[in-house]
1. Could you tell me whether A:V13 is crowded, with 20+ Cβ neighbours inside 10 Å and either closer than 20 Å to B:D113 by Cβ or of a type in the set (S, T, Y) (or both)?
2. If you scan segment B:22-45, which residues turn out to be assigned to a helix (DSSP H, G or I) and either surrounded by fewer than 17 Cβ atoms within 10 Å (Cβ to Cβ) or of a type in the set (A, V, I, L, M, F, W, C) (or both)?
3. Identify the single condition in (1) charged (D, E, K, R); (2) surrounded by fewer than 16 Cβ atoms within 10 Å (Cβ to Cβ); (3) under 17 Å from the mean Cα position of the chain (by Cα) that B:R77 does not satisfy, given that it satisfies every other one.
4. Six or more apart or on different chains, Cβ atoms under 7 Å: show the pairs whose first residue is in segment A:9-30 and within 8 Å of chain B (Cβ to nearest Cβ) and whose second is of a type in the set (S, T, N, Q).
5. Among the numbered conditions (1) within 24 Å of B:E122 (Cβ to Cβ); (2) modelled with pLDDT under 90, tell me where A:P79 comes up short.
6. Considering only segment B:106-115, state which residues are more than 7 Å from every other protein chain (Cβ to nearest Cβ) and surrounded by fewer than 16 Cβ atoms within 10 Å (Cβ to Cβ).
7. For the condition within 11 Å of chain B (Cβ to nearest Cβ), in contact with a Lys or Arg (Cβ under 6 Å, 6 or more places away or on another chain) and among the hydrophobic types (A, V, I, L, M, F, W, C), what is the one hit in A:L118, A:L136, A:L146?
8. State whether the residues of segment B:100-113 include one that is within 24 Å of A:D114 (Cβ to Cβ) and modelled with pLDDT under 90.
2 protein chains.
Amino acid sequence: MHGMSSDSLFRAVERFGQALEGSGMPRMPARVFAYVLAEDSDRYTAAQLAEGLQVSPAAISGAVRYLVDTGLLIKERAPGRRGDIFRVLDGDIWATITTARKPMIDNFIAAVDDAIALVGEETPGGQRLVETADFLRFTRADLDDLPRRWASYRSEVRARKVGVAPVRTPR
Amino acid sequence: MHGMSSDSLFRAVERFGQALEGSGMPRMPARVFAYVLAEDSDRYTAAQLAEGLQVSPAAISGAVRYLVDTGLLIKERAPGRRGDIFRVLDGDIWATITTARKPMIDNFIAAVDDAIALVGEETPGGQRLVETADFLRFTRADLDDLPRRWASYRSEVRARKVGVAPVRTPR
DNA sequence: CATTTGCTTCATAACATTGTGAAGATTCAA
DNA sequence: TTGAATCTTCACAATGTTATGAAGCAAATG
């Protein structure tokens, strides 16, 4: 074997990976995550990732640490096996991505709160920061309701495709 | 005058700016946007930004181009005035931020669609990409309803603070 | 307990990004 | 048209980031 099995896969990973990079993920984690989604297997050893992406094991090591830390991959060690295996947390990718976003928002809120503490709430600038913090808190709360909305959207889209009335979701 | 008027402001900009960097915004645009929010004025010339942040006009030039391109700042030229002035688009910062996010999501969707076209929908990997694209489309649609939810959240929070019943928002 | 396998850490070299001063362009005023 | 003010572009130096090979550790096997 000599690397990624198809050129299409390689380009798909590249394309999707760049989009992930654009939203702040470092390069190698982005490529690894893109590969894990686009490739057909659903479990990978570090060696397979290195082989598949044609990069060194060292690069994979850093990348999967990042992805595991941010909750986008989980690491499992099978008993009687020397190496870890990596996979996405869940059948539902959206759940993974959503969950992974929460700590980021929390981080953001903490930063803005710190900034507010520094400049005070009384100035015009402080007020803008307070408004920003409020909005971020709302965003955070809104995320908790997102699974319900996603389920609702899905059933509507499916209904439209199949031609039946959508299932009514609880408010 | 010799730069940023207070050390608190400087540190607030630094803190908030780093949070913005963490979500993928390049360094200098992040600092400029943080400054524009946290500082007390609401209109800035490029020179004021350079002076306030203690960086060169050249650095500001690139940063504001980025911010204007992504819709986080607008550039206006006052008649009879030599330089442009910059400000946030709107009294409501959340609206600015939300709007700024849409093209990013569209970009993302386009990338995943390209990736799907490359690997096909029939493979397990392709299916995961389709699921991802679906979720992104939902996210995009969900964003359009966000103003309503935000208004609802605000009235609830205000009600809680002031001690009256929240205004009922339309479904 | 030695060996093999597989990941991680580390120093480093290649590469990319950032911010600068200097020069160029554009706009208004006179 | 000249001059002054202000922004933009450019080449470059400083700084960060990335990915690598090599060496080191840890876990399982015999």
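1. Yes; evaluated as a whole, the condition is true for this residue.
2. Going through segment B:22-45, the residues assigned to a helix (DSSP H, G or I) turn out to be B:22, B:27-38.
Hits for segment B:22-45 are B:G22, B:R27, B:M28, B:A30, B:V32, B:F33, B:A34, B:V36, B:L37, B:A38.
3. (3)
4. Pairs that qualify, where the first residue is within 8 Å of chain B (Cβ to nearest Cβ) and the partner is of a type in the set (S, T, N, Q), are A:A19/B:N107; A:G22/B:N107; A:G24/B:S23.
5. (1)
6. B:D106, B:A110
7. A:L118
8. Just the residues of segment B:100-113 that are within 24 Å of A:D114 (Cβ to Cβ), to begin with: B:100-101.
Among the residues that remain, those that are also modelled with pLDDT under 90 are: B:100-101.
Scanning segment B:100-113 turns up at least one residue that is within 24 Å of A:D114 (Cβ to Cβ) and modelled with pLDDT under 90.
The values are calculated or read from the model by the stated rules, or taken from the named source; none is laboratory data. Just so it is clear, the model here is predicted, and its values are computed rather than measured. For neighbour counting, all protein chains shown are included, and Cβ atoms are generated from backbone atoms with ideal geometry for every residue, glycine included.
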